[in-house]
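Step one of this worksheet: look at the structure below.
The values are calculated or read from the model by the stated rules, or taken from the named source; none is laboratory data. Just so it is clear, the structure is predicted and the values come from calculations on it, not from any experiment. Note: areas computed on protein heavy atoms with side chains; ligands, DNA, RNA excluded. Shrake-Rupley method; radii C 1.70, N 1.55, O 1.52, S 1.80 Å.
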Amino acid sequence: MAIKEAFSLLVSSPWAKMNKLIVESDSYNAVQWTNKPESAPWKMRNIINQIECLKSKVCQWEVVHIFREANSIADGLAKEGVLRVDDMVIFAHN
C-alpha cells in the first residue's frame, strides 16, 4: 500500500519529528482504513497495524482522499512506477 510506503519514507528520514506528512490517495477505502483502522477488513489488519505504528513516529500527518482525475500527475507516475526496476524517491522542500 502506497500510504504505508509514504509513512515509511518519512519515518526513515530526519524530518519525521519536524514536518507534517500529507498523503493524498485516490483509494477511498485505503484513506478510510488509515484514518479509522477499526473499519479495515481483517485481511488488511496487518498492513493497517504497521501503518498505525509508523503514524506514532510522525509529529503530524493527514491522509486525504483525492479523485484520480484531479491527481493526474501522481496517477501517471504511479503507472510508470509499476514498470520501474528501482524505487524513485523525490523529496521536495519549501
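Here the gap between Q60 and S8, fully extended at 0.36 nm per residue and compared with their Cα-Cα distance, gives a gain of 17.3 nm.
Ligands, DNA and RNA excluded, the heavy atoms of V64 present near 40 Å² of accessible surface to a 1.4 Å solvent probe. Cross-link candidates for K20: which lysines have Cα within less than 23 Å, leaving aside residues fewer than 8 places away along the same chain? Hits, sequence-local ones excluded: K4, K36, K55, K57.
Of the listed residues S13, S72, the order by accessible area with a 1.4 Å probe, largest first, is S72, S13.
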